[in-house]
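Undergrad: The structure's right below; bear with me while I get my questions together.
Only the coordinates and a few stated rules stand behind these numbers; no lab work does. This one's a predicted model, so the numbers in the text were calculated from it and none came from an experiment. Here the Cβ positions follow ideal geometry from the backbone for every residue, glycine too, while neighbour counts run over all protein chains shown.
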Amino acid sequence: MIGIYGGTFNPVHYGHLRTALEVKELFDLEQLRLIPCRLPPHRHEPDVGGEMRLAMLNLAIEDAPGLVSDRRELDREGPSYMVDTLASLQAENQDEALILFIGADAFAGLEHWHLWQRLFDYAHVVVMTRPACQMPVISDFLRERLCEDRRQLQQKKSGRLFFQAVTALDISATAIREMIASGRDPKFLLPDAVLAYIRQHQLYLP
Ligand code: ATP
């Protein structure tokens, strides 16, 4: 099984990295692909370009076997639609099941994603939740795909939905950017190598 973890990664931080490692182990993934987007469809274009966000991601996962970066969204024109990303990954990995991992905040907007129902044609979707959080109200389409046990994902290559509790780290890239802009130190919220890169390139300053 191949995992997919998309995001802006502006910059990557321990909230992403810890959950990525946990789901890689829990779902026994050969590989978890972290995929920085070029143009997020539902938000402003990131002020830091894709190549720099990818460079920070690569520094962060240097010593994490099985966590790999994937630049396909940076190389594709136009908005970075996840459905296109999954289609191309499936075409390259025909015998593998794909799992798309998304945070609970991203899941809340899933039904606004471009061709969102088709995501399930290409992959399972796993929502990473906080431990002991309440299950959200979901549509019939999603409820039909919901499974109770993560082993059920192994029975098919795509089409199921699962909620997985992961360690909650209340870290956001927005908060890190704001800290840097206001002269505060975000150390311990993200890898030192990423922070060194930010300082070297003077990113996120006002
Ligand atoms: P921003 O603050 O700029 O919105 P972010 O920190 O939320 O950024 P993104 O790159 O937008 O990071 O998120 C990519 C994915 O990582 C999303 O699925 C999001 O839900 C998830 N994610 C982000 N932060 C955390 C966190 N602290 N714990 C678990 N998942 C997270």
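Undergrad: Any chance you could list P(r) for region 109-195, counting all Cα-Cα pairs in 10 angstrom bins from zero, rounded to whole %?
TA: 14, 34, 25, 21, 6, 0
Undergrad: Quick one: 171, 102, fewest Cβ neighbours within 10 Å first, how do they rank?
TA: 171, 102
Undergrad: Skipping prolines and chain starts, which residues have an amide H placed within reach, meaning under 5 Å, of the one on residue 67, given they are 5 or more residues away or on another chain?
TA: 32
Undergrad: Count the net charge of all other residues whose Cβ sits under 12 Å from the Cβ of residue 93, scoring Lys and Arg as +1 and Asp and Glu as -1.
TA: Surrounding charge for residue 93 is -3.
Undergrad: Which values, in whole Å and largest first, are the semi-axes of the equivalent ellipsoid of region 2-169 obtained as the square root of 5 times each eigenvalue of the Cα gyration tensor? Please list the in-between numbers first.
TA: On the way: eigenvalues 106, 64, 55 Å².
With the √(5λ) rule applied to region 2-169, the semi-axes are 23, 18, 17 Å.
Undergrad: Can you give the helix-only mean residue ellipticity at 222 nm for the chain, where every DSSP H stretch with n ≥ 4 adds -39500 (n - 2.57) and the sum goes over all residues, rounded to the nearest 500 deg cm²/dmol?
TA: -8500 deg cm²/dmol
Undergrad: So, one more: Just tell me which lysines come within less than 20 Å, Cα to Cα, of residue 24; anything on the same chain fewer than 8 places away is out.
TA: 156, 157
Undergrad: I've got another one for you. Please work out the FRET efficiency for the pair residue 149 and residue 77, using the Cβ-Cβ distance as r and a Förster radius of 35 Å; give the result to the nearest 0.05.
TA: Efficiency for this residue pair is about 0.30.
Undergrad: What is the order of 129, 174, 85, fewest Cβ neighbours within 10 Å to most? Don't skip to the answer; put the middle values down first.
TA: Numbers: 129 18, 174 10, 85 24.
If I rank by nearby Cβ atoms, fewest first, I get 174, 129, 85.
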